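Below is one structure, written out as structure tokens; the observations come after it.
The values are calculated or read from the model by the stated rules, or taken from the named source; none is laboratory data. Please read all numbers here as calculations on a predicted model, not as lab measurements. Cβ: placed from backbone, ideal geometry, glycine included. Neighbour counts: every protein chain shown. These area figures cover heavy atoms from the full protein model, side chains too; ligands, DNA and RNA do not enter into them. Shrake-Rupley method; radii C 1.70, N 1.55, O 1.52, S 1.80 Å.
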Amino acid sequence: MTTILLPKRQKRFTGKKVSLTISAWVLGFLFFAPYFQMLLTALKPKEEITSIPPTYFPKKWAFENFINVWKEIPLGTFIKSSFIISMSATLIVIFIAVPAAYYVARNNFRGRKVFLFLVLVTQMFAPTALVIGIFREIAKLNLVNTYLGLILVYAAFNMAFSIWILSSFFSSIPQEIEEAAWIDGCSRVSTLVRIVLPLSLPGLATAFIFTFIAAWNEFVIALTLTSSPEQEPLTVGLTALIGFYQVQWQYLFAGSLIAIVPVVILFGLIEKWLVGGLTAGSVK
């Protein structure tokens, strides 16, 4: 028997592919350049940061800055506070936004488009513009300088976007799939949990990570509503490194890089769901 060997397909690099590849590398470099500069600054001794002429790379690598920053400020306490506040606000948003978005997606009630428009408009209001009113309301509830005060504010400001994005995902799921589940004896709640939510993992992941990052990075409201290191989140806690006469840049950059790590880890975990969630559970 004669075996016919087929020639291997060779990859053809067209001008379009080359230009797209180069553009991707350039954009990647521009995106990571500030973080790389932060890392280099965090690894410099204090005297090198203010030296003239300045140097791009450290002459002496001060890796101990990432250890000493934990001694300069209660960094662990700040990280714990940020995680509790951000995760609690995110879970509240998801718990309320899912049924609200599902109802909006599956019920064509009067004023539905106006409701969705108003929901989106509320996202345009910056918390900074409402900080005085927010402080007065939180003060009336005796929630100033507490986790709960920040959790409620962050959940309120991120609820609108989550409802809007989840309703779009729910609307894209064919209703025939739900009707088939109802015929099999599933209730509305069971259909939502067992059918709709697995098919909406990309939307859930988007709402989850958007809310978490928005709460994790928020500064103005946290600065207004907290005053003790035990309740201050990381964004406010890092300002302790900024003094009246000097700024400890090496520790400030080191702490800022440490603050990025939890968000990067969370995004890495959810990114898998963004890819696999589109088809999960749709076909047996």
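How charged is the neighbourhood of residue 189? Take every other residue with its Cβ under 14 Å from the Cβ of residue 189, and add Lys/Arg as +1 and Asp/Glu as -1.
Here the charged neighbours net out to +2.
Taking the dipole about the Cα centre of the chain, with the C-beta of Lys and Arg at +1 and of Asp and Glu at -1, give me whichever of 266, 125, 25 is farthest to the positive side.
25
Pop out the ³J(HN,Hα) list for region 114-131 in order, Karplus 6.51 cos²θ - 1.76 cosθ + 1.60 with θ = phi - 60°, rounded to Hz; leave Gly and Pro as x.
My calculation for region 114-131 gives 5, 4, 5, 5, 5, 4, 6, 5, 4, 6, 7, 7, 7, x, 4, 5, 10, 5 Hz in order.
Stretch residue 137-residue 59 to full length: gain in nm at 0.36 nm per residue minus the Cα-Cα span?
Between residue 137 and residue 59, full extension yields an extra 22.9 nm.
At 0.36 nm per residue, minus the direct Cα-Cα distance, what do residue 27 and residue 265 gain on full extension? Give it in nm, one decimal, please.
Going from the current span to full extension adds 83.5 nm.
Let me know the number of lysine pairs in the chain closer than 15 Å at the Cα, not counting same-chain pairs under 8 apart. Kindly include the intermediate steps, with their values, before the conclusion.
Working: 44/59; 44/60; 46/59; 46/60.
So the count of such lysine pairs works out to 4.
Placing +1 on the Cβ of each Lys and Arg and -1 on the Cβ of each Asp and Glu in the chain, which of 115, 65, 202 has its Cα farthest towards the positive end of the resulting dipole?
Comparing the listed Cα positions along the dipole, 202 ranks first.
Place a +1 charge on the Cβ of each Lys and Arg in the chain and a -1 charge on the Cβ of each Asp and Glu, then give the dipole magnitude about the Cα centre in debye, rounded to the nearest 20.
1060 debye
Accessible area per residue for the chain in Å², computed with a 1.4 Å probe and the full protein assembly in place, what is it?
64 Å²
Which length gain, in nm to one decimal place, applies between residue 106 and residue 80 when the Cα-Cα distance is subtracted from 0.36 nm times their residue separation?
5.5 nm
As I understand it, the dipole of the chain uses +1 on the Cβ of Lys and Arg and -1 on the Cβ of Asp and Glu, about the Cα centre. Which of 193, 224, 234 lies farthest toward its positive end?
So the residue furthest toward the plus end is 193.
If I ignore ligands, DNA and RNA and count only protein heavy atoms, how much of residue 265 is accessible to a 1.4 Å probe, in Å² to the nearest 10?
Here the residue's solvent-accessible area equals roughly 100 Å².
Charges at C-beta only: +1 for Lys and Arg, -1 for Asp and Glu. How large is the resulting dipole of region 126-226 about its Cα centre, in Debye rounded to 20? Each step should come with its number before you reach the end.
On the way: 4 positive and 6 negative charges, 82 e Å.
That gives region 126-226 a dipole magnitude of about 400 debye.
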